[in-house]
1. Restricting things to Cα coordinates, could you compute the convex hull volume per residue of the range 124-201 in Å³?
2. Whole number please: convex hull volume per residue of the Cα set in the range 35-168, in Å³?
3. First select every other residue whose beta carbon is under 12 angstrom from the beta carbon of G205; then total the charges, Lys and Arg +1, Asp and Glu -1.
4. Could you please state how large a percent of the accessible area of the range 93-217 is carbon and sulfur, counting protein chains only and using a 1.4 Å probe?
5. Within 13 Å, Cβ to Cβ, of A150, how many net charges do the neighbouring residues add up to if Lys/Arg are +1 and Asp/Glu are -1?
6. What Kirkwood hydrodynamic radius do you get for the range 53-123 when you take the inverse of the mean 1/r over all pairs of distinct Cα atoms, in Å?
7. Considering only the other residues whose Cβ falls under 14 Å of the Cβ of A95, what net charge follows from Lys and Arg at +1 and Asp and Glu at -1?
8. How are the C-alpha pair distances of the range 155-200 spread across 5 Å bins, as whole percents from the shortest bin up?
Amino acid sequence: MRASASETTPRSRSAPVRSDAVVIVVLSGTWLGLCCRLDAYDPGSCAQAVEHTSALLGGLDAVVVAFGSVAFGTAEEVGDEVAEHLMAVNYLAPAAFFRAALGVLKPGSAIAAVTGVVAERPQPRMADYSASKAALRAWLDAVRREARGAGIGVLDIRPRQQDTGFADRPEAGTAPPLPRGGDPRRVAVAVVDALAADAELLRSGPDGTPIVERRAR
């Protein structure tokens with residue numbers, strides 16, 4: 001099983017938003033790590049990260065995108081530049097990853113992305129972040145139907161807030177008081193289980209327990 005994840009570094013619009021893409025490879029229970037460079041504003045670099053990893057490993061079983069950016073504040077406070085950044089990092093860059101992945105994945109493989117609860121329940125003072133995640137969710141829903149004939153699955157990962165420190169690194173504003181986050185390791189294990197089960201949705205139950213659903217809704 002192969003999955004990719006990265007965390008972007010805040011930049012101005014005039015500078016590239018670069019990050020290391022950490023590619024996690026699970027082979028017979030052993031976790032290995034690879035690293036390659038990408039620029040969220042350069043779809044070509046996102047595609048190259050997928051193609052390079054596929055060539056290096058001799059193919060991919062799955063491509064999982066788990067990077068993103070967040071901002072807090074009213075729509076007026078956040079402004080156009082930050083809104084554009086959120087859309088680039090949270091929607092356009094993952095879509096570029098997946099477009100490249102669809103060109104190298106074989107029947108029985110899958111793509112997956114973390115959209116989160118805000119993709120279906122937008123929150124005040126997080127309008128642009130919610131919109132970027134909703135855009136990714138809509139893209140995944142449409143591509144799921146396109147890729148079904150090729151035997152490629154599409155998994156939407158919508159956990160509740162996780163204890164990763166993500167909300168402490170916003171592009172703008174300050175996070176409001178938030179409930180205690182869940183354990184991201186539980187979600188990671190559930191993602192692997194969901195991919196193995198050819199599921200379409202992974203969400204959190206009322207107590208935070210990851211729930212795998214065969215069909216998205």
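The values are calculated or read from the model by the stated rules, or taken from the named source; none is laboratory data. Not measured: the values here are computed from a predicted model. All Cβ positions, glycine included, derive from the backbone under ideal geometry; neighbour counts span all protein chains shown. Side chains are part of the model used for accessible areas, which takes the heavy atoms of the whole protein and leaves out ligands, DNA and RNA. Shrake-Rupley method; radii C 1.70, N 1.55, O 1.52, S 1.80 Å.
1. Numbers: hull volume 8.1 nm³, N = 78.
Hull volume normalised by residue count: 104 Å³.
2. 109
3. Neighbour charge sum, excluding G205 itself: +2.
4. Ligands and nucleic acids excluded, carbon and sulfur reach 54 percent.
5. Numbers: positive: K106, R144, R145, R148; negative: E146.
Once positives and negatives cancel, what remains is +3.
6. Numbers: mean 1/r = 0.0713 Å⁻¹.
Averaging 1/r across every pair of different Cα atoms and inverting gives 14.0 Å.
7. Summing Lys/Arg as +1 and Asp/Glu as -1 gives 0.
8. 5, 19, 24, 19, 15, 10, 7, 2
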